């Protein structure tokens, strides 16, 4: 879906959030995070799921789907594309000339139409990644991934009717390839709740 962008006139902004509860199967997912597991558990409560499952797709923070039903997934994306969103922009995106492990950017959110306060998040992701699974259900498989979350953090909050502008400074993980980095900014109601707007920049060449 990330590569094909199946919804005409809309951009799908993807976050691949790797959970860590499969790491007990004898192989540790190098991209997994307890923070992302906790985020899925929060969705489990908010979306009234019986239990978490993998792989899972959460669309705009309001609908959870399984990948097995591609047609319903595409229909859900098409419906989501008709919903108005808050304009989010990322400008002045660049690596620090003296330190390529530091990423700087300007983030602006036009929150004039926001009906209530919401949180602003940044996610630094790998444009593409690979893993060789040694054990467990996918043992022996070579997997490819897109938009793999490396860093995830709340950078601020918007308030009803007030603009949001902030310059952010992010430290990349050691060994990260600057040309394989995406920066995603999104606005989400607490809960986690509905995603109100998002923007993507990268990979940075």
Inset, instruction - Could you tell me whether residue 65 is within 23 Å of residue 146 (Cα to Cα), without any contact (Cβ under 8 Å) to a residue 12 or more places away in the chain and in contact with a strand residue (DSSP E or B) (Cβ under 6 Å, 6 or more places away or on another chain)? - result: yes
Legend entry - Subset of the stretch 193-205 [farther than 24 Å from residue 129 by Cβ and either touching a helix residue (DSSP H, G or I) at 6+ places or on another chain (Cβ under 9 Å) or part of a strand (DSSP E or B) (or both)]: 193, 196, 197
Legend entry - Tabulated pairs, the stretch 140-166, first in contact (Cβ under 8 Å) with a residue 24 or more places away in the chain and on the phi > 0 side of the Ramachandran plot, second surrounded by 11 or more Cβ atoms within 10 Å (Cβ to Cβ) and not in a strand (DSSP E or B), C-beta under 9 angstrom, 6+ apart or interchain: 147/2; 147/13; 147/14; 147/15; 161/111; 161/112; 161/113; 161/114
Inset, instruction - State the number of residues belonging to the stretch 27-55 that are touching a helix residue (DSSP H, G or I) at 6+ places or on another chain (Cβ under 7 Å) and either buried (at least 16 other Cβ atoms within 10 Å of the Cβ) or modelled with pLDDT of 90 or more (or both). - result: 2
Inset, instruction - Starting from the stretch 7-26, take each residue that is farther than 19 Å from residue 146 by Cα and list its partners that are outside any loop (DSSP other than H, G, I, E, B), counting only C-beta distances under 8 angstrom and pairs at least six apart or across chains. - result: 21/37
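The values are calculated or read from the model by the stated rules, or taken from the named source; none is laboratory data. In this text the structure is predicted, and so the values were computed from the model without any measurement. A quick note on method: Cβ atoms are made from the backbone with ideal geometry, for glycine too, and the neighbour counts reach across all protein chains shown.
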